[in-house]
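What follows draws every value from the coordinates through simple rules; no lab data is involved. All of these numbers come straight from a predicted model, not from anything done at the bench. Cβ placement follows ideal geometry from the backbone for every residue including glycine, while neighbour counts extend to all protein chains displayed.
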Amino acid sequence: KKYHGGCICALRDTILNSLLAAAHGLSDEQKEFQKMAFDFAAHEMSPHMAEWDEKEIFPVETMRKAAQLGFGGIYVQPEVGGSGLSRLDTSVIFEALSTGCVSTTAYISIHNMCNWMIDTFGNTEQREKFCPELCTMDKFASYCLTEPGSGSDAASLLTTAKLEGDHYILNGSKAFISGGGDTDVYIVMCRTGGKGPKGISCVVVEKDTPGLSFGKKEKKVGWNSQPTRAVILEDCHVPVTNRLGQEGQGFNIAMRGLNGGRINIASCSLGAAHACVQLARDHLLVRKQFGETLSNNQFLQFKLAEMATKLVASRLLLREAALALQESRSDAVSLCSMAKLFVTDECFNICNQALQMHGGYGYLKDYAVQQFVRDIRVHQILEGTNEVMRMIIARSLLSESG
């Protein structure tokens, strides 16, 4: 197969995974669900990755199969149907799943983030109402923070929620919403108070709520197995009972969600880079130029060695950040930002170098490497741009020095 992974024999694949340290430092239990995720990616995702991209298919049934393995609420509490796993466990799973399809895994990661937000900040009634069906993926969730006029400056959002009796009346629009129009539950950040972050609240808007509509389906460079639309709120009536936490707590809830989201999306980049190192290695072993295989070219040997080294370094930083977040350490926010910045940048470079190693073939859609490049490019933009990650890291360093 030209497309992802079909030509990799099991023995060589095992040796490479060992060399690239995918399972290094993991417990036996973590190795088991890592293997389960790798197997699911290889058998249920990878064979369909190109078709989902080409035809822009949102693979609902495949994701529900993933949910049967516990991947719909990985770090959601078991009493509402979740798997109750750690942030490190979650990173390991998303890395493995992304070797089969980055775009689909990235959506699953966003869904998990939304599910966790309800589980963490919702009351008993909200958790029992929403989380079980999100964990089984009978229902899907979308995260709604970004607006046409507020991207990196998220605290300047303009969507309003005015209290009338026992309902909020929402007006405004959200941009670039993953799953928009096809999902069932929308976690919406809206302004219930004055300017700035303290005036923002978080409400759950359910599909088919009067006043909720959607823009056209966006045509994207990558991430084509998940629809992206604007979410439009026009006199949208949402019960006060759908508010998560207290009024004014919404921005904090949004940022808490994004700390984990940054780990998750970096994990998706890591899986893509892992797959691309495999694809590049295999191409070098079979492609001949100047009378010998490319694997005998020392320049390309060194490039491959650098790719593998950066992959392992990325994984080590990412897993340290996941542990810090799980343990609520004081350096967790900075480490999550460092991991998101470093891993998404380096893994994009790895995938891009893998494409270069394929030469002209890498630019053909018959070869998976180009899809990995297209799908992970956006990871340097979303969940907080990598420029914003630098701001967060620098602010932390300078405040500590002061």
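Values for this structure:
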{"read-out": "Inter-label distance for SER328 and SER213, nm, one decimal - labels placed 7 Å from Cα along Cα-to-Cβ", "value": "4.4 nm"}
{"read-out": "Charge tally in the Cβ shell below 12 Å around MET63, where Lys, Arg are +1 and Asp, Glu are -1, MET63 excluded", "value": "-1"}
{"read-out": "Environment charge of SER142, counting only residues whose C-beta is closer than 12 Å and scoring Lys/Arg +1, Asp/Glu -1", "value": "+1"}
{"read-out": "Theoretical gain in end-to-end length, LYS55 to LYS35 [0.36 nm per residue, Cα-Cα removed]", "value": "4.3 nm"}
{"read-out": "Cα-based equivalent ellipsoid, the range 145-296: semi-axes from gyration tensor eigenvalues, Å", "value": "43, 17, 12"}
{"read-out": "Highest-first arrangement of 173-180, 98-105, 189-196, where packing means the average Cβ count within 10 Å", "value": "98-105, 173-180, 189-196"}
{"read-out": "R0 of 41 Å, Cβ-Cβ distance PHE290-THR385: FRET efficiency to nearest 0.05", "value": "0.45"}
{"read-out": "Only Lys, Arg (+1) and Asp, Glu (-1) charged, at Cβ; the chain dipole about Cα centre in debye", "value": "1000 debye"}
{"read-out": "Entries in LYS139/LYS340; LYS303/LYS340; LYS174/LYS195; LYS174/LYS217; LYS55/LYS217 that, when Cα-Cα distance is taken, lie over 25 Å", "value": "LYS139/LYS340"}
{"read-out": "Within the chain, helix-based [θ] at 222 nm, where runs of 4 or more DSSP H residues each add -39,500 (n - 2.57), nearest 500", "value": "-16500 deg cm²/dmol"}
{"read-out": "For the range 291-329 and the range 342-391, distance of Cα centres in Å", "value": "14 Å"}
{"read-out": "Listed residues PHE290, ILE350, THR183: farthest to the positive end of the dipole of the chain (Cβ charges)", "value": "PHE290"}
{"read-out": "Cα lying deepest toward the dipole's positive end in the range 28-134, options ILE118, PHE40, PHE94, charges on Cβ", "value": "ILE118"}
{"read-out": "Segments 125-138, 150-163 sorted - mean Cβ within 10 Å per residue, highest first", "value": "125-138, 150-163"}
{"read-out": "For peptides 320-333, 65-78, 109-122, sequence by mean Cβ density within 10 Å, most packed first", "value": "109-122, 65-78, 320-333"}
{"read-out": "Square roots of five times the Cα gyration tensor eigenvalues for the range 305-402, Å", "value": "31, 14, 11"}
{"read-out": "Of the DSSP H helices in the chain, those whose Cα atoms cover at least 27 Å axially and whose Kyte score averages -0.5 or more", "value": "102-121, 250-286, 298-326, 332-357"}
{"read-out": "Computed lengthening from ARG395 to SER156, 0.36 nm per intervening residue step minus Cα-Cα distance", "value": "84.1 nm"}
{"read-out": "Percent breakdown of C-alpha pair distances by 10 Å bin, ordered from the shortest bin, for the range 20-136", "value": "14, 45, 31, 10, 0"}
